[in-house]
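What follows is calculated from the coordinates using simple rules that are stated; it is not laboratory data. Not measured: the values here are computed from a predicted model. Every residue, glycine among them, receives a Cβ derived from its backbone with ideal geometry; neighbour counts consider all protein chains shown.
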Amino acid sequence: MAILTAVRAVICVTCGGGGRMECGFLKPDGKKCVAQTISNDVFCFAHSRLPEIIEKRLAAKILGGKNGRKKMLEPIESEVIVENPKDVVILLTQTINDVRMNRINTTQANCIGFLCNAMINALDNRQKVKSEGKKLTFEELAKRLEPNRKLPA
């Protein structure tokens with residue numbers, strides 16, 4: 001009984017009284033792993049030597065590798081043609097529906113939204129140039145699009 005009490009006292013000192021101990025693994029630099037132990041082990045999930053935990057860890061690595069891959073969109077037969085603001089609205093509407101139906105992810109949708117915004121700005125600038133009745137050089141157009149940006153020499 002005295003040994004059990006002494007073990008409980010040691011456990012409470014190493015875990016701070018919270019009931020769980022820190023992992024007993026020592027890193028190559030001599031520092032101790034600070035993760036909490038898993039049930040019925042002196043190591044955390046990453047360092048456990050129990051066969052069932054090793055299997056679970058391997059399964060988690062495989063699953064993580066599969067989930068980490070970026071999914072590409074299925075190729076679409078036709079290209080999107082955007083010539084006016086109405087076309088941009090149609091593309092954005094389709095993108096919203098694709099996100100809602102889980103056909104594309106939000107990262108892809110954000111990219112499309114960003115490009116639509118750039119297209120609206122380009123269309124707006126094209127309209128301004130047409131209304132002024134003159135052709136702009138590349139440098140003049142770039143200055144209109146980004147007035148604070150310095151062009152390469």
query: Assuming R0 = 41 Å, what is the FRET efficiency of SER78 and GLU140, from their Cβ-Cβ distance, to the nearest 0.05?
result: 0.75
query: Does the stretch 85-145 come out rounded, prolate or oblate by the C-alpha gyration tensor, with a ≥ b ≥ c the root eigenvalues, rounded set by a/c under 1.5 and, if not, prolate when a/b is larger than b/c and oblate if not?
result: prolate
